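J.: Mind having a look at this structure? Questions to follow.
The values are calculated or read from the model by the stated rules, or taken from the named source; none is laboratory data. Every value quoted in this text rests on a predicted model; they were computed, and no experiment measured them. Glycine gets a Cβ as well: all are built from the backbone with ideal geometry, and neighbour counts include every protein chain shown. These accessible areas exclude ligands, DNA and RNA; they are computed on the full protein's heavy atoms, side chains included. Shrake-Rupley method; radii C 1.70, N 1.55, O 1.52, S 1.80 Å.
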Amino acid sequence: MRYEIRVDGELTETLAKAFPELDHVVVSGHTILFGRILDEAHLYGLLARCQSLGLRILELRQAPR
């Protein structure tokens, strides 16, 4: 499944590298991380990584295939 995770602010390249399995784009002062999520455990791992890096998640959604 493909997901999009919108976080507050523009990620630095260093922070973006913490998510090597996802692509990212900056839109209107927010960063959207997107890509294929293998399973629920992978998704929860990404959310925990966001939390540990102090990122504020604004939106999480399953993207159309």
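J.: Being in contact (Cβ under 8 Å) with a residue 60 or more places away in the chain and either open to solvent by 70 Å² or more (accessible area, probe 1.4 Å) or among the hydroxyl-bearing types (Ser, Thr, Tyr) (or both) is the filter here, so list the residues in region 6-65 that pass it.
T.: Of everything in region 6-65, those that are in contact (Cβ under 8 Å) with a residue 60 or more places away in the chain and either open to solvent by 70 Å² or more (accessible area, probe 1.4 Å) or among the hydroxyl-bearing types (Ser, Thr, Tyr) (or both) turn out to be 62, 64, 65.
J.: So, one more: Is there a residue being under 15 Å from residue 56 (Cβ atoms), of a type in the set (Asp, Glu) and in contact with a strand residue (DSSP E or B) (Cβ under 7 Å, 6 or more places away or on another chain) anywhere in region 2-13?
T.: So far as region 2-13 goes, yes, one or more of its residues are under 15 Å from residue 56 (Cβ atoms), of a type in the set (Asp, Glu) and in contact with a strand residue (DSSP E or B) (Cβ under 7 Å, 6 or more places away or on another chain).
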